[in-house]
1. Which of the residues belonging to the range 47-75 are of a type outside the set (Val, Ile, Thr) and more than 25 Å from Ala117 (Cβ to Cβ)?
2. Going through the range 128-143 one residue at a time, which ones are touching a residue at least 12 places away in the same chain (Cβ under 8 Å) and in a loop (DSSP other than H, G, I, E, B)?
3. Of everything in the range 9-21, what is under 28 Å from Pro121 (Cβ atoms), open to solvent by less than 30 Å² (accessible area, probe 1.4 Å) and out of contact with any Gly (no Cβ under 7 Å at 6 or more places or on another chain)? Give them in sequence order.
4. Based on what the data block shows, is Cys120 of a type outside the set (Asp, Glu), in a loop (DSSP other than H, G, I, E, B), surrounded by 15 or more Cβ atoms within 10 Å (Cβ to Cβ) and modelled with pLDDT of 95 or more?
5. Output the number of the condition that Ala77 fails; it satisfies all remaining conditions of (1) over 18 Å from Thr4 (Cβ atoms); (2) loosely packed, with under 15 Cβ neighbours inside 10 Å; (3) without any contact (Cβ under 8 Å) to a residue 12 or more places away in the chain; (4) of a type in the set (A, V, I, L, M, F, W, C).
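The values are calculated or read from the model by the stated rules, or taken from the named source; none is laboratory data. These numbers come from a predicted model, not from an experiment. Please note: Cβ atoms are built from the backbone with ideal geometry, for glycine as well, and neighbour counts cover all protein chains shown. Accessible surface areas use protein heavy atoms only, side chains included; no ligands, DNA or RNA. Shrake-Rupley method; radii C 1.70, N 1.55, O 1.52, S 1.80 Å.
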Amino acid sequence: MPETILVTGFPSFVARKMVEELAREPDTTIYCVVRQKSLLEARAVLDVLPLEQRRRILVIEGDAAAIDLGLSGAELASLAPKLDYIHHLAQVSYMGAETQLATTVNVGGAREIVELASLCPNLKCLVYHSTAQVSGDRKGLVLENELDEGQSFRNAVEATLARGERIMRSKMGKIPIAIMRPTIVVGDSKTGEVDRFAGPYFLILLIVTSPPDIPLPLPGR
């Protein structure tokens, strides 16, 4: 059956890869919420896709952290009944981000996407892309519903992403929600493509690109 999917966070690396994967299904229509400053980049990304796929990917100017995703009332009323799935990928993940920015995007964005999902009568699933870092400094066995166990966080990004996931879990009884918790995403598993260099990315890329006959010191446990 034809499906209509909304993706936030485009054209970030992970959102771009998600859209490319979704577009391979021939009956899928994809709406991408893109901030105004990223419109040119988004269109450049889409231009390299096959024409048949590009025709089914529609760019909507908006902001995942704004009220109603920055869409007009008419746009929202037209879009909501069409949606079968939502992939919420808009987030601030740079560990040095300011607290206000991280709160606006990671917490405010979670609230807004839940509000949108509640308006979608045919929604099959809101897929919230979270992170394993919502467990903070906890060690040992950590269950997926243990979001408030007195853990502390290393920075505002971890703390705000945890708050965003709590919002999702609080709405699971009313909205079909699935939470994904990937670890650090380094790059494309086939091409090695990566769109940012921060934190452990430098170390990992150094390891995988170094000649095999050059010994490298590695951290312990």
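1. Asp47, Leu49, Pro50, Leu51, Glu52, Gln53, Arg54, Arg55
2. If the condition is that a residue be touching a residue at least 12 places away in the same chain (Cβ under 8 Å) and in a loop (DSSP other than H, G, I, E, B), then Ser130, Thr131, Gly136, Asp137, Arg138 are the ones that fit.
3. Gly9, Phe10, Val19
4. So Cys120 fits the description; yes.
5. Every condition holds for Ala77 apart from (1).
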